Amino acid sequence: MLPSISPVFEHIENNQEPFIRRLIEYVSHPSISAHNIGIREVSEILVQMLTELGLETQTIPTAGHPMVLGCWERAPGAPTVLLYGHYDVQPPDPLEEWISPPFEPTIRQGRIYARGVGDNKGQHFAQILAIESHLAVHGVLPCNVLFLLEGEEEIGSPHIADFVRQHHNLLQVDLVITADGHLHESGQPVLEYGVRGIASFELRARGANRDVHSGNFGGVVPNPIWELIHLLSSMKNAQGEITIEGLYDNVIPPTPLELEAVSRLPLDLEAFKAEMELEQLDQPLERPYYDRLMFHPTFTINGFHSGYGGPG
């Protein structure tokens, strides 16, 4: 460990209890983007928090919820790192499934249970505390730092692309770090050098202009469900290959160095399958576990609804 980092970790260890109390206080504030609950209040909390650290901080409005941007740019010639996170959370429904209320953080068996503590308030709050700790020990940071905290990630980030285009002059950085995702079961930290993007769409098929009885109209009136099934089955075959024309054109194959690094990642595949109650992984069966996650696109059906689905 670098000599300059050791005292920072010592400072964190000495302040563990107050840091945990502050995290609990932070995640007790609802910020549900889908319902516009608490968004403004939490963005103001973040502005105050970052300003007190010495960052030049502002909320920047979008067509939806505001972005919080904090800047510490006092290391001329050093790289600039952007720390991205989001301060909004998912709605906590169904409430009856919660052992403790979602916005009343509770510690059980050494873990904090609250909405947002694992996605993503806990992560970016940890980064804020890391910055605070480094400044408390050394007075300066070894690089320039930007915080960009979004208020709409949980509703699909509908305005972040426009925000980046409009404010690209404020976002000239050398590295972007997103602290998100689960903790590896080994307890070791994981660095991911990129993640897959997402493109989503909805298909609708419509048949007759009213409900029809299968006994009287079966084989006569086309069934929209079957139309959708045939359409979807044309997009991915039984071998797990996506058959949409052009989808693989821009997929970059892994380098030998990447393949070698992936081969050293820890994995207990049988334990994973047992935990998920799976007999096998998805097709193609011969594809290694991490190859699936890192080097191949996926095509997923997130929901399917048609006709009457109630009792009887």
Working out 0.36 nm times the residue gap between Ser100 and Leu259, then minus their Cα-Cα distance, what length gain in nm do you get to one decimal?
52.9 nm
What does the extension gain come out to for Arg165 and Arg21, with contour length at 0.36 nm per residue minus their alpha carbon separation?
48.1 nm
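Do any GluC sites (Glu not before Pro) in the stretch 264-312 lie in a loop, going by DSSP, with at most 12 other beta-carbon atoms within 10 Å of their beta carbon, and if so which? Let's see the in-between values first.
Values: sites: Glu270, Glu275, Glu277, Glu279, Glu286; in loops: Glu277, Glu279, Glu286.
Here the sparse-neighbourhood loop sites are Glu277, Glu279, Glu286.
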Computed FRET value (nearest 0.05) for Ala78 with Arg206, which takes r as the C-beta separation and R₀ as 45 Å
0.15
In the chain, with Lys and Arg counted as +1 and Asp and Glu as -1 at Cβ, which of these residues, Phe125, Val173, Thr62, has the Cα nearest the positive end of the dipole, that is, farthest along it?
Thr62
Per DSSP, the loop-located trypsin sites (Lys or Arg not before Pro) within the stretch 242-293 having at most 11 other beta carbons within 10 Å are Arg264
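How large is the dipole of the chain about the Cα centre if only Lys and Arg carry +1 and Asp and Glu carry -1, each at its Cβ, rounded to the nearest 20 debye? Spell out each step's value before the answer.
Working: 18 positive and 41 negative charges, 91 e Å.
With Lys and Arg at +1 and Asp and Glu at -1, about 440 debye.
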Using the Karplus curve 6.51 cos²θ - 1.76 cosθ + 1.60 with θ = phi - 60°, what ³J(HN,Hα) values do you get for each residue of the stretch 251-264, in whole Hz, with x for Gly and Pro?
6, 8, x, x, 7, x, 5, 5, 5, 5, 5, 5, 5, 9
Determine, from the Cβ-Cβ distance of Gln283 and Leu228 and an R0 of 30 Å, the FRET efficiency 1/(1 + (r/R0)^6), rounded to the nearest 0.05.
0.90
Kindly state, to the nearest 0.05, the FRET efficiency for Gln239 paired with Leu183, given R0 = 30 Å and r defined as their beta-carbon distance.
0.35
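Mind ordering 26-35, 148-157, 50-59, 187-196 by average Cβ neighbours within 10 Å, highest first?
Working: 26-35: 19.3, 148-157: 21.3, 50-59: 16.5, 187-196: 8.1.
In decreasing order of mean packing, 26-35, 148-157, 50-59, 187-196 become 148-157, 26-35, 50-59, 187-196.
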Place +1 on the Cβ of every Lys and Arg and -1 on the Cβ of every Asp and Glu in the chain, take the dipole about the Cα centre, and give the residue among Ser28, Gly156, Met294 whose Cα lies farthest towards its positive end.
Gly156
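Where the eigenvalues come from the Cα gyration tensor of the stretch 228-312, what are the semi-axes √(5λ) of the equivalent ellipsoid, largest first, in whole Å?
Working: eigenvalues 179, 86, 18 Å².
For the stretch 228-312, the ellipsoid semi-axes come out as 30, 21, 10 Å.
Just order 237-246, 73-82 by mean Cβ neighbour count inside 10 Å, highest at the front, would you?
Listed from highest to lowest mean packing, they are 73-82, 237-246.
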Report the one residue of Ile229, Leu269, Gly246 whose Cα lies farthest in the direction of the positive end of the charge dipole of the stretch 214-294 (charges on C-beta: Lys and Arg +1, Asp and Glu -1; origin at the Cα centre).
Ile229
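Under a point-charge model restricted to the Cβ atoms of Lys and Arg (+1) and Asp and Glu (-1), what is the dipole moment magnitude of the stretch 84-222 relative to its Cα centre, in debye to the nearest 20?
Numbers: 9 positive and 18 negative charges, 60 e Å.
The dipole of the stretch 84-222 has a size of about 280 debye.
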Pop out the ³J(HN,Hα) list for the stretch 81-88 in order, Karplus 6.51 cos²θ - 1.76 cosθ + 1.60 with θ = phi - 60°, rounded to Hz; leave Gly and Pro as x.
10, 9, 9, 9, x, 9, 9, 8
Residue-wise, which Karplus ³J(HN,Hα) couplings in Hz belong to the stretch 227-241, taking 6.51 cos²θ - 1.76 cosθ + 1.60, θ = phi - 60°, and x for glycine or proline?
4, 5, 4, 5, 5, 5, 5, 7, 9, 8, 8, 5, 8, x, 8
Hey, what number do you get for the chain at 222 nm if only DSSP H runs of n ≥ 4 count, each worth -39500 (n - 2.57), divided across all residues, to the nearest 500?
-9000 deg cm²/dmol
Charges at C-beta only: +1 for Lys and Arg, -1 for Asp and Glu. How large is the resulting dipole of the stretch 227-290 about its Cα centre, in Debye rounded to 20?
120 debye
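We did not get these values from a lab; they are worked out from the coordinates using the rules stated. Only a predicted model underlies this, so the values are computations on that prediction, with no experimental measurement involved. In this analysis, Cβ positions are derived from the backbone assuming ideal geometry, glycine residues included, and neighbour counts consider all displayed protein chains.
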